Amino acid sequence: MSYAIIGFGKIGHALAKAFARNGIEVSVATTRDPASFASGAAAIGPGIIPKTLAEAAKADIIFLAVRFESHPEVAKALPTWQGKIIVDAMNTLAPLDELDGLPSSAVVAKAFAGAKLVKGFNHLVAAVLDQDPAVHGGRRVVFLASDDDGAAAEIGTLAENLGFSPIKLGGLSEGGLLVHARENSWGRLIFKDLIKFD
């Protein structure tokens, strides 16, 4: 299984650190030339591989950590996203009428036609996501929502491998709304930093 993070701002850096902490190789990409962020990737660890957007898009599982407004441009990197899992780690305050009344992830799913979409890792602010998820003998929770149970299970396993405790919320239009931005209000689980003890 191959992994990529598209977007290398605060959230992208935090996700890359989670992969590096656990010795899991991941590609990182932006719309810029990889040389422009190669030193930042190297500073995190040797398994953080800077690539072009087109190269990173070949991964099996792709984390979207760009600004929400940039996702349509990223979606043009491949003619089809068939067979891939996209993890939507983005948030937006776009009014619902701009999103045709849909949750933001449903809009993203349309742009990445053919992919299985999982909303996840977006409810933690970058400074918290950046920290080691092992806390006081427990593990930091990440919420996952998807209309594809298999994709949610796959990302749940990856979240565990990254040291987090995944909690599945159900479909995008159900539990997913708990972690979506909606107009000027946030879902009830946004920014909630929870620790699960086994």
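Since every read-out is calculated from the coordinates, none of them should be taken as a lab result. As the structure is a computational prediction, the values presented were derived from the model and not from experiment. Cβ sites come from the backbone with ideal geometry, for glycine too, and all protein chains shown count toward neighbours.
Do you know which of the residues in region 14-30 that are in contact with a strand residue (DSSP E or B) (Cβ under 9 Å, 6 or more places away or on another chain) and of a type outside the set (A, V, I, L, M, F, W, C) is farthest from Glu69 (Cα to Cα)?
In this case the residue turns out to be Glu25.
Kindly indicate the residue of region 101-133 that is out of contact with any strand residue (DSSP E or B) (no Cβ under 8 Å at 6 or more places or on another chain), surrounded by 14 or more Cβ atoms within 10 Å (Cβ to Cβ) and free of Cβ contacts under 8 Å to residues at least 60 places away in the same chain and also nearest to Gly83 (Cα to Cα) among those meeting that condition.
Only one residue tops the list, namely Ala111.
Out of (1) over 24 Å from Ala16 (Cβ atoms); (2) over 17 Å from the mean Cα position of the chain (by Cα), what's the single condition that is false for Asp148?
Asp148 satisfies every listed condition except (2).
Determine which single condition Lys58 fails, assuming it passes every other condition in (1) closer than 18 Å to Phe164 by Cβ; (2) more than 14 Å from the chain's Cα centre (by Cα).
Condition not satisfied by Lys58: (1).
For Val118, state whether it is under 21 Å from Phe8 (Cα atoms) and in contact with a His (Cβ under 8 Å, 6 or more places away or on another chain).
Values: under 21 Å from Phe8 (Cα atoms): yes; in contact with a His (Cβ under 8 Å, 6 or more places away or on another chain): no.
Considered against the rule, which asks whether it is under 21 Å from Phe8 (Cα atoms) and in contact with a His (Cβ under 8 Å, 6 or more places away or on another chain), Val118 comes out as no.
Give region 102-147 a look and list any residue that's out of contact with any Ser or Thr (no Cβ under 7 Å at 6 or more places or on another chain), over 16 Å from Phe68 (Cα atoms) and among the small types (Gly, Ala, Ser), or say none.
Hits for region 102-147 are Ala115, Ala127, Ala134, Gly137, Gly138, Ala145, Ser146.
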